[in-house]
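Heads up: the structure comes next, in structure tokens.
The values are calculated or read from the model by the stated rules, or taken from the named source; none is laboratory data. Values in this document were obtained by computation on a predicted structure and should not be read as measured data. Methodologically, a virtual Cβ is constructed for each residue, glycine included, from the backbone with ideal geometry; neighbour enumeration extends over all protein chains shown.
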Amino acid sequence: MSLKRMILTLCGFYCVMGIMPLFFGGTDYIMNILIMILIWAVVASCWDVIMGFAGIFSFGQVAFYVIGAYASAILSVSMDIPPVFSIIMAGVITGLVGVLVGLPCLRLAGPYVALVTFAVHMTLVPFLRGPLGRAIGSGGSQGILTIPPIKLFGLAFSSDQLVPFFYLTFFLTIICTLVLVLMIKSYWGTAFLALKDSENFAASLGISAFKYKLMVFALTSFITGLFGALYAHYVGMLSTKMLSMDVFTILMIMMVIGGIGKYPGVVVGAVITVTLSQLLAPLGMYRPLIMGAIVVVLVLFLRDGIISPIIRLLSPLQRVVVEEE
Amino acid sequence: MRKTGLLAIIFTFVMLTTTSVFAADTIKVGVPLAATGAYAGSGDNYWKGIEMAINEINKGGGLLGKQLEVIRFDSQEFAPEVVMQGANYLCGKMKVASVHAGWAGWGQDIRAYGKYDAPFFCDDGAMPAVDVYKSDPEKYYNTYFITDTGGDQANSMFNMLTALPYEYPNKKIVIINTDDAWGMEVGDTLSKQFKKIGWKVAKRETVPYGINEWGPILTKIRRINPAIIHIEIPSSQEVITFFRQFIKQPTNSILSYGWSITPLEVLTTLGKDADGIVGEMPAGMPAPKAPNAKAQAWVDQYMNIYKHPVPAGSWIAYTSVMVWADAVKAVGDEYDFKAVNKHLKEAGYDGLQGKMKFGENNTLHAQPAAPIVHYQVQDGKLVALFTDPPLKPYGEYKFQMPRWIKK
Amino acid sequence: MFLEIIEVFTSGLINGSVYALMAVGLTLVYGVTKAFNFAYGSFYNLGGYFAWVLLIPLGVIGGYFSVFFMAIPFFFIVGYLLEKVLISPLRKYDDWEMKVMMLTLGLSLFMDFGYQAIFGPRIKSLPGIIEGTVQVGEVVLFQQDIVIFILSLSGMLCFWWILNNTRTGMAVQAVAQNPAGAQIVGIPKDFIFAATFAISTMMVGFGGILLCQKNFVDPMGSTDIMIKAWVITAFGGMGSIRGSLYAAFILGMLEAFVGWYFGMIHVQIATLTLLLVTLAIRPRGLMGRE
Amino acid sequence: MLKINKLNTYYRESHILKDVSVSVDRGQVVIMLGPNGHGKSTLLKSICGLVEKIDGQILYDGQDITGLASDKIVNLGVTYIAENRELFPYMTVMENLKLGAYSKNARGNEKENMAWVASLFPKLMQRQNQLASTMSGGEAKMLAIARGLMSDADLLCIDEPGLGLQPSYRVEISQIIKEISRQGKTVFIVEQNIPQLIEMADKIYIMEEGGISFEGGKYDVLNNEQLKEIFLGL
């Protein structure tokens, strides 16, 4: 997708998102979904950049998200750092962890990268629940229940006031999305694609796999950590239950629906997945059952996710719309 | 592509907004329980009690002439976001008149449902949840804890263990508990109490869920040969495998299972093998004979419908629905949350075991009408030895010496 | 002290045999087809439910003997069809390895919650294959554990023998070592892929039956099993059967001794640390090769 | 014996072979010359069912084998011997040879073929328990040819056997191919580093840019100074 088209698409999407609170500002239930869509769209985009563009089988995305959330929560609760700063510090910490995880991963391939990154995910649970975690203020198994809201210009942003929080998230989403788009379309992005196609070929062009992959890890985990922190201050409570397989799979489904490496497909994937998951929630155990089936069917029949068939399906409609305009 | 996103959003929100049903002739009751995942078993126990109460009310003509309509929500494994979604869905979107939960998120739930006013009944049974309540009692005034906290329950366990008609051969106890809020709270309280009376906590081990191979721990226990082994793991697999591996080479110890005796599978799987284990149930129903005819009738009805003995949570979840219905009847308007909450807090309720009342911190502290019941497994069934408070022997049932203890 | 160590050692040995059984199928399928099966744990549970359905509601004659007898064709067919219908169509894509991971992840979600929808969320227990204990000196052992140990070890030795001494076994190895070469000598690659998948499904199904009768059939237990098997195979070197055997026993012992000496809560961290250190030194695991 | 009509193949977006027509008669030695990367290997692989997208017709003994799975083609008696050997690296020489006789038609004659291969490659037999991955380039090439012979094929498609080898090995290979041909086997070979082979050839093709640019007898090439210089470096 060309840069112009990509930016136009995202602009269109976020313009629509931006005016949503005008209609639904009074409905907490829908505002919550909208905010979660914004947050997940960025987190899933980061994963898409790692997997789809850099071609690294990272399974550590949820871990980075949780690290960011916990980092900001601990900094603001135990050390009384104002959330505005703790969020950014959380991003930096997550970025550093990303580099640390990235260093050994770059020597590995395929399921090994997946395993090592997922091992980070798995170690987080006993770490945060255990004595070490409690020592740094993770609150052990009960988690942290009193995370302060973000205070900015005398306003408090938290789940108590959804519309202001929506626009704060919206603002950060736009910035991070721009960063991601520029990364994908810059020399970096080209380098990723070259790397994905053939590492040897890219090496012959003088693209250092090591350097670029590390940079991807650092940047995406920074953004992921930032949004994790945002989420922590949004819900105001954290527990290690965030590391359950469910969150992981939901994130994965966003990518499958959106199409891996088909940015910004994953953003639409986030919209559909979050909404679907919410709609199906009253169905209890049939929700994950249906989600699982959707993944199987999509992977099998739609190689690039749901995006291209939708475009194809809607193209006559689009033409009509254009003609009417 | 832009249009695609737009259409997708419009489509989903049309779907979202149209799904809310505006039926006026029912009263909606929210039931957020774990229907999937590790806590689904306990969710099922609570659900059975709630279902029974709702059916009973509906059969009796409903509440204020309206039928009750249950809206369920799967709170999975209580991830913060899911807990919040549940509150927003049930209270925000479906506008339920009350929320009946069991385990619901150990404190996260208080914050999530505290934003709304519909009465919220939960069985978190742990101090962190009560701490959230205490941080702003005004805001969380609609929260009701239907059982005591872990610490209070552990004190009761301690009292029972020391009151057993049994001469302990030594003063050593081994405590094994899970690494969650409940397990830690019980473990900490028990070890503090036993130390106070001069016992030695020979081993205190916090374990994660999912252990099926107990060899290494049992090896240590056999060396210690303690007078009491207390296990506090609110999950059936671990405690069953522990018992099986313990019994192949037992020590002269009283096996105290605390709350872990209550998951349904423990007794259905172990049967008579489990004879001799002691344990407790908060807000429980004494067994095999209920304390009065009314309660006995309820137990019989339960066994009739679900074909198994009453597990932890069922009775109190049933009662919580009844308590709320009683308050609504008294107020006359299910949506007058201020009045309903006031009634819930101030007026008592005449339950199956007697008059009960929510106490300090909106907690249904152990009381004669909702006692902590201490059982021993005898002939493959739970037999109440004591009720608490006050700690007194129940009925004619007697402690039996576990068969593995050699004099 | 010595007795204690012996006891912990036996515990580790039992752990190890159980893990070996879980890991060998996974490593085989990865080694041969390069497809990573995330639904592996769900097939383990399928074994458990298979035995449960036959033994409890149906009350099949012959008990475990018939269960094992029927499990062989059942799991072979399930695995074979699965590969043909779901996995092999993905092979034509460049990023099929990622797609297979995602598909099997979705499949495992579907299967796990399918079990809950069909059998309910509560755990199920199976009758033991054999009850009772044996005393060896001071150490008391479950006969059940001994049966598991013997069956899983002999099963694996038998499997190893087949792999190294039969034409088909050699063909499987050939595909693992060089798929293009295998095609050249006329080995039907697609059939071997599907057959390997089927064999691995059979092994994990067997593992499920053997272990669920010791523990329980838990609809949500599949993730733990999958992760455990994954850690062992990666530690031993993906694709190396010998590596997984060593890894299974090393990790079984590590678990028993760390649990005994430091406490159960440290087991998981110790395991993952060992894994990470091993991979840092040997990026392909203990016995892995390029 | 082998007749190819208007064969086209594709790899991803690129069109590799364009309307290639070739015919090989029983017992012949046919040599394909041409610059590297112009599709010679692809042609051999197409015959043996190792290329996915193909279009056209390949007849073997009158039977259409276009798009047939490779194992079926091997079974019919057509074997490919790869330029880059494609051995099983962690198996011994003997195991590699045994797997060469995997196809159904080869199993019955495994013993005779093994004896024949042993007489052709005495050096390999001395190393029968060595792992394939530890062999030198020349030995590995010999093993690849030997493994191909084990398949009891009537038509051997040999891809650049002499590439990157010392002259002594090349001489050996040419002798072996002569021997194979003497046994009545048909050989379709891509090779331009072994001039001795030209002497044996019954027919020569030259492939350029995915198409056949020349077809003729060996004297047509040997007498054509231009071709000789370009393709044989003589």
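Overview of results
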read-out: Cβ-Cβ under 6 Å pairs, at least 6 apart or on other chains, the stretch C:175-191 side more than 7 Å from chain D (Cβ to nearest Cβ), far side assigned to a helix (DSSP H, G or I) and among the small types (Gly, Ala, Ser); value: C:Val175/C:Ala182; C:Ala176/C:Gly31; C:Ala182/C:Ala174; C:Lys189/C:Ala182
read-out: B:Lys355 being over 30 Å from B:Leu385 (Cβ atoms), outside any loop (DSSP other than H, G, I, E, B) and not hydroxyl-bearing (Ser, Thr, Tyr); value: no
read-out: Subset of the stretch A:1-26 that is closer than 10 Å to A:Val163 by Cα and either aromatic (Phe, Trp, Tyr) or not in a helix (DSSP H, G or I) (or both) - its residue that is farthest from the other protein chains (Cβ to nearest Cβ); value: A:Gly25
read-out: Helices (runs of 4 or more DSSP H) contained entirely in the stretch A:117-232, each with at least 1 residues that are under 23 Å from A:Gly95 (Cα atoms) and at pLDDT below 90; value: A:131-136, A:162-185, A:187-197
read-out: Options C:Phe206, C:Phe149: the member that is more than 14 Å from chain D (Cβ to nearest Cβ) and in contact with a Gly (Cβ under 7 Å, 6 or more places away or on another chain); value: C:Phe206
read-out: Lone qualifier among A:Val66, A:Val92, A:Val16 - being over 16 Å from A:Thr224 (Cα atoms) and among the aliphatic types (A, V, I, L, M); value: A:Val16
read-out: Within the stretch C:1-20, considering residues that are among the aliphatic types (A, V, I, L, M) and within 14 Å of chain B (Cβ to nearest Cβ), the one nearest to C:Trp160 (Cα to Cα); value: C:Val18
read-out: Conditions (1) touching a residue at least 24 places away in the same chain (Cβ under 8 Å); (2) touching a Pro at 6+ places or on another chain (Cβ under 6 Å): number failed by B:Ala40; value: (1)
read-out: Every residue from the stretch B:39-62 that is away from chain C (no Cβ under 14 Å) and either assigned to a helix (DSSP H, G or I) or touching a Leu at 6+ places or on another chain (Cβ under 8 Å) (or both); value: B:Gly49, B:Ile50, B:Glu51, B:Met52, B:Ala53, B:Ile54, B:Asn55, B:Glu56, B:Ile57, B:Asn58, B:Lys59, B:Gly62
read-out: Subset tally (residues that are away from chain C (no Cβ under 14 Å) and aliphatic (A, V, I, L, M)) for the stretch D:34-89; value: 4
read-out: Where B:Asp350 falls short, out of the listed (1) more than 18 Å from the chain's Cα centre (by Cα); (2) farther than 17 Å from B:Ser98 by Cα; (3) in a loop (DSSP other than H, G, I, E, B); value: (3)
read-out: Condition met for A:Gly143 (within 14 Å of chain B (Cβ to nearest Cβ) and in contact with a strand residue (DSSP E or B) (Cβ under 7 Å, 6 or more places away or on another chain)); value: yes
read-out: Within the stretch A:284-308, considering residues that are more than 7 Å from chain C (Cβ to nearest Cβ) and more than 27 Å from C:Pro121 (Cβ to Cβ), the one surrounded by the fewest Cβ atoms within 10 Å (Cβ to Cβ); value: A:Phe301
read-out: Unmet requirement for D:Leu68, which otherwise passes all of (1) over 15 Å from D:Cys157 (Cβ atoms); (2) in a loop (DSSP other than H, G, I, E, B); value: (1)
read-out: Yes/no for C:Val53 being crowded, with 19+ Cβ neighbours inside 10 Å, within 22 Å of the chain's Cα centre (by Cα), of a type in the set (Val, Ile, Thr) and assigned to a helix (DSSP H, G or I); value: no
read-out: A:Pro82 being more than 16 Å from A:Leu238 (Cβ to Cβ), over 22 Å from the mean Cα position of the chain (by Cα) and touching a residue at least 40 places away in the same chain (Cβ under 8 Å); value: yes
read-out: Scope the stretch C:123-143; condition under 23 Å from C:Asp224 (Cα atoms) and either crowded, with 20+ Cβ neighbours inside 10 Å or in contact with a Ser or Thr (Cβ under 6 Å, 6 or more places away or on another chain) (or both); matching residues; value: C:Ile123, C:Lys124, C:Ser125, C:Leu126
read-out: Test: residue in the stretch C:226-242 that is under 19 Å from C:Val29 (Cβ atoms), within 14 Å of chain B (Cβ to nearest Cβ), among the charged types (D, E, K, R) and assigned to a helix (DSSP H, G or I); value: yes
read-out: Selection within the stretch D:13-29 - crowded, with 22+ Cβ neighbours inside 10 Å and either in a strand (DSSP E or B) or without any contact (Cβ under 8 Å) to a residue 60 or more places away in the chain (or both); value: D:Val20, D:Val24, D:Val29
read-out: Residue that is modelled with the highest pLDDT, among those in the stretch A:295-306 that are over 14 Å from A:Gly261 (Cβ atoms) and within 20 Å of the chain's Cα centre (by Cα); value: A:Val295
read-out: Those strands (runs of 3 or more DSSP E) lying entirely in the stretch B:63-174 with at least 1 residues surrounded by fewer than 24 Cβ atoms within 10 Å (Cβ to Cβ); value: B:67-74
read-out: Failed condition for A:Phe57, given (1) over 30 Å from A:Thr146 (Cβ atoms); (2) in a helix (DSSP H, G or I); (3) within 18 Å of the chain's Cα centre (by Cα); value: (2)
read-out: For C:Asp94: the one exception among (1) within 14 Å of chain A (Cβ to nearest Cβ); (2) out of contact with any Asp or Glu (no Cβ under 8 Å at 6 or more places or on another chain); (3) in a helix (DSSP H, G or I); value: (3)
read-out: Any hit, the stretch B:269-279, residues being over 22 Å from C:Trp260 (Cβ atoms), crowded, with 22+ Cβ neighbours inside 10 Å, under 17 Å from the mean Cα position of the chain (by Cα) and within 10 Å of chain C (Cβ to nearest Cβ); value: no
